[in-house]
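Quick note: the coordinates plus some simple rules give every number you see, no bench work behind them. These numbers were taken from a predicted model, which means no experiment stands behind them. Here the Cβ positions follow ideal geometry from the backbone for every residue, glycine too, while neighbour counts run over all protein chains shown.
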Amino acid sequence: MDFFKYRNKLKPEKGSILVSEPFLPDPNFERTTILLCEYNQDGSFGFVLNKRAEAQLGEVMEDFKSFDAPVFIGGPVQQDTLHYLHRLPQLEDSTEIVNGIFWGGNFDQLSILIDTGQISPMDIRFFLGYSGWGEGQLDTELKENSWIVSNRVTPEFVFETLPDEMWKKALQALGGRYSIYSNYPVDPRMN
């Protein structure tokens with residue numbers, strides 16, 4: 001569809017959001033939004049923000065049975081690993097990705113914060129696996145119009161937007177033509 005060949009001119013960078021184009025055929029990334037945690041000449045990685053797993057955290061991590069937090073599928077790479085994004089500046093050894101959104105950090109300290117009720121599930125997202133691209137791979141996908149880049153990321157967007165609304169809201173935030181994309185049905189034959 002030529003309609004989708006027009007793209008914004010934003011370049012991806014650490015802290016950008018990648019929004020999948022409306023008809024991306026890859027089931028791992030259909031209607032997804034990804035927070036890029038790293039983007040450089042060697043490759044890129046991030047987490048799919050809006051693809052919930054079937055499990056809650058207590059089912060994945062025995063020690064967190066009382067912490068009622070959903071788990072998300074961060075991407076198709078190493079789905080046997082657990083990662084977390086949060087808005088907890090006090091969590092030691094975490095990396096600030098952008099605007100008060102942090103990745104990782106001291107797991108023992110996180111356990112204490114969870115056990116003592118000092119954090120809410122609204123302050124953290126857990127991911128099984130991640131999304132990764134080798135050298136030049138993401139740039140190729142951008143040239144193929146697989147992704148729309150957005151720099152409109154806030155902690156509220158990442159932690160408070162409902163997963164099934166995130167893709168649409170990310171496009172609407174870009175305005176113009178992207179707002180139209182947000183209303184496209186998953187299957188155009190159903191229009």
The helix 163-174 Cα axis meets the longest alpha-carbon principal axis of the chain at an angle in degrees, between 0 and 90 and rounded to 10, of 50 degrees
Subtracting the Cα-Cα distance from 0.36 nm times the residue separation, let me have the gained length for Glu59 to Phe23 in nm, one decimal. 9.7 nm
Subtracting the Cα-Cα distance from 0.36 nm times the residue separation, let me have the gained length for Glu165 to Asp80 in nm, one decimal. 27.9 nm
Where Rh is the Kirkwood radius over Cα pairs, Rg/Rh for segment 47-87: 0.94
For a label point 7 Å from the Cα of Glu13 along Cα→C-beta, name the residues of segment 71-110 whose backbone N is under 13 Å from it. 98-99
Starting from the Cα of Lys14, draw a straight line to each of the lysines and keep only those under 21 Å, dropping any in the same chain fewer than 8 residues away. Lys51, Lys143, Lys169
